[in-house]
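**Q** Encoded as structure tokens, here's the structure I'll be asking about.
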Amino acid sequence: MKVLVINAGSSSIKYQLYDMPRAEVLAKGFVERIGEPTSRLSHTCAGNSTTLEEAVPSHETAMELILKVLVKPGEGAVADLSEIGAVGHRVVHGGEEFTGSVKIDDRVLDSIERFAELAPLHNPHNLVGIRAAMRKLPGTAQVACFDTAFHTSIPKVAHMYALPFELYERHRVRRYGFHGTSHRYVARRAAAMIGRDKHDLNAITCHLGNGCSVAAVRKGRSVDTSMGFTPLEGLVMGTRAGDFDPAILFYLADKGYDLATLNGLCNKKSGLLGISGVSNDMRTLQKRAEEGNDRAALAIEIFCYRVRKYVGAYSAVLDGVDAVVFTGGIGENSSLVRELVCRDMTHLGIALDPKANAEAGGRESAVTVPDSRVQVLVIPTNEEQAIARDAFELVGGNGEPGTV
Ligand code: AMP
């Protein structure tokens with residue numbers, strides 16, 4: 001069976017077509033700049049890449065274009081759209097309701113719409129993508145896979161803020177966490193790599209990309225995570241501040257900063273970009289730091305220090321840690337970041353192997369010395385594959401939903 005995975009954003013749709021259960025990618029691509037005069041589709045199938053530039057006024061048209069290229073003789077991956085047995089959609093917010101992936105029906109659509117209040121920058125676009133796919137593939141099962149679902153196992157003690165309780169009762173203000181599909185995927189892969197049952201793994205998973213979060217995983221379930229009510233909390237990110245004293249906002253408001261400016265400062269102008277004044281991109285910062293740029297170096301240090309603090313905190317939360325996992329563009333590729341996070345951590349049972357760490361990247365590998373009590377693993381994340389598996393299993397494929 002073929003499963004199409006869709007990730008719809010504000011002006012783009014990314015897609016991958018999987019052959020299941022082999023989980024082989026048959027084709028992938030994206031449509032970008034939807035709604036602008038110069039939209040573009042980039043498509044790769046069997047090693048051949050094509051690009052198409054034409055006006056794509058809506059997500060609906062983008063979906064039409066994607067389906068057309070998937071069946072295009074010579075460039076497509078299927079002879080007929082009826083070969084697609086399910087479509088899996090990435091949805092950012094599933095509130096407290098969705099503890100796993102689900103087949104989409106009217107009730108699910110209503111809920112995703114309701115949770116748009118909690119994720120106004122994401123859920124509405126995810127929903128547009130789902131509706132377009134439903135219209136274009138009316139007989140095909142549609143599945144929603146939520147970024148928040150893996151974290152619904154976080155207990156009250158970790159998901160409640162010490163704010164007046166009625167804010168939770170009236171407005172559902174609590175920690176939700178994000179990147180759940182990635183944390184779940186790498187935790188399952190970590191269990192496989194160290195020969196543990198997935199329900200018997202204690203791990204600290206660090207997703208370090210442009211957005212960053214850490215999760216504490218006890219017996220295969222998320223018990224805490226650094227992102228909170230929104231993705232702003234926790235680690236230093238490309239342009240987000242992560243943890244800071246919220247009273248700074250009151251102080252700045254008193255000085256005349258309005259709400260929109262403060263929002264922009266915290267989400268778009270802080271983090272690596274804010275500290276360095278150079279870039280939000282770790283590769284650029286590493287280069288500039290090597291060339292002697294002090295603020296680029298400081299941004300990297302602060303970034304790693306914050307990850308280190310969370311690894312320490314989650315070591316205290318878990319009763320024993322089997323593995324610390326690095327994933328995401330930075331986690332997978334920056335040996336420097338892994339070294340700065342993990343060095344001098346033998347008291348926590350972490351003994352990095354500098355050579356293995358320097359050589360890791362782009363593939364699953366262990367980067368600790370053989371007798372390190374806690375293993376440090378580099379695992380490329382694959383959220384699309386996890387979504388494809390969930391969709392496949394929910395329409396009757398082998399296995400249980402969420403096995404990877
Ligand atoms: P993501 O959001 O997962 O795509 O990750 C993007 C981040 O990964 C950016 O900050 C990139 O600079 C960073 N990144 C990608 N490759 C490397 C690399 N080889 N070394 C350091 N950072 C990298």
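**Q** Of everything in segment 264-309, what is more than 20 Å from the chain's Cα centre (by Cα), outside any helix (DSSP H, G or I) and more than 17 Å from residue 336 (Cβ to Cβ)? Give them in sequence order.
**A** Listed by number, the residues that qualify are 269, 277.
**Q** In this structure, does residue 396 turn out to be under 30 Å from residue 5 (Cα atoms), free of Cβ contacts under 8 Å to residues at least 12 places away in the same chain and outside any helix (DSSP H, G or I)?
**A** In short, yes.
**Q** What single numbered condition from (1) surrounded by fewer than 16 Cβ atoms within 10 Å (Cβ to Cβ); (2) touching a Lys or Arg at 6+ places or on another chain (Cβ under 7 Å) fails to hold for residue 110?
**A** (2)
**Q** Can you name every residue in segment 126-158 that is within 19 Å of the chain's Cα centre (by Cα), crowded, with 21+ Cβ neighbours inside 10 Å and not aliphatic (A, V, I, L, M)?
**A** 126, 129, 145, 146, 147, 148, 150, 151
Per-residue answers, yes or no, for (1) charged (D, E, K, R); (2) free of Cβ contacts under 8 Å to residues at least 40 places away in the same chain; (3) under 25 Å from residue 169 (Cβ atoms):
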position	(1), (2), (3)
86	no, no, no
93	no, no, yes
98	no, no, yes
105	yes, yes, no
111	no, yes, yes
114	yes, yes, yes
118	no, no, yes
121	no, no, no
124	no, yes, no
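**Q** Here is a follow-up. Does segment 277-297 hold any residues that are of a type in the set (S, T, N, Q) and either in contact with a strand residue (DSSP E or B) (Cβ under 9 Å, 6 or more places away or on another chain) or more than 20 Å from residue 213 (Cα to Cα) (or both), and which are they?
**A** 284, 286, 293, listed by residue number.
**Q** Right, next: Scanning for something more than 16 Å from the ligand (Cβ to nearest atom), farther than 19 Å from residue 161 by Cα, touching an Asp or Glu at 6+ places or on another chain (Cβ under 8 Å) and not basic (Lys, Arg), does segment 236-253 turn up at least one residue?
**A** No, because not a single residue in segment 236-253 is more than 16 Å from the ligand (Cβ to nearest atom), farther than 19 Å from residue 161 by Cα, touching an Asp or Glu at 6+ places or on another chain (Cβ under 8 Å) and not basic (Lys, Arg).
This table checks each residue for (1) in contact with a helix residue (DSSP H, G or I) (Cβ under 9 Å, 6 or more places away or on another chain); (2) free of Cβ contacts under 8 Å to residues at least 12 places away in the same chain.
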residue: 163; (1), (2): no, yes
residue: 179; (1), (2): yes, no
residue: 189; (1), (2): no, no
residue: 193; (1), (2): no, no
residue: 209; (1), (2): yes, no
residue: 214; (1), (2): yes, no
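**Q** I've got another one for you. (1) within 25 Å of residue 274 (Cα to Cα); (2) surrounded by fewer than 17 Cβ atoms within 10 Å (Cβ to Cβ); (3) away from the ligand (no atom under 16 Å from the Cβ): which one isn't true of residue 339, the others all being true?
**A** Single failed check for residue 339: (3).
**Q** Kindly indicate the residue of segment 190-210 that is within 16 Å of the ligand (Cβ to nearest atom) and surrounded by fewer than 20 Cβ atoms within 10 Å (Cβ to Cβ) and also nearest to residue 241 (Cα to Cα) among those meeting that condition.
**A** So, considering only residues that are within 16 Å of the ligand (Cβ to nearest atom) and surrounded by fewer than 20 Cβ atoms within 10 Å (Cβ to Cβ), the one nearest to residue 241 (Cα to Cα) is 210.
**Q** Another question about this same structure. Please go through segment 244-268 and pick out each residue that is surrounded by fewer than 15 Cβ atoms within 10 Å (Cβ to Cβ) and touching a residue at least 24 places away in the same chain (Cβ under 8 Å).
**A** Passing the criteria: only 268.
**Q** Scan 290, 301, 332 and give me the residue that is without any contact (Cβ under 8 Å) to a residue 12 or more places away in the chain and either within 16 Å of the ligand (Cβ to nearest atom) or of a type outside the set (D, E, K, R) (or both).
**A** 290
Only the coordinates and a few stated rules stand behind these numbers; no lab work does. Here the structure is a predicted model, which means the values were calculated and not measured. Glycine gets a Cβ as well: all are built from the backbone with ideal geometry, and neighbour counts include every protein chain shown.
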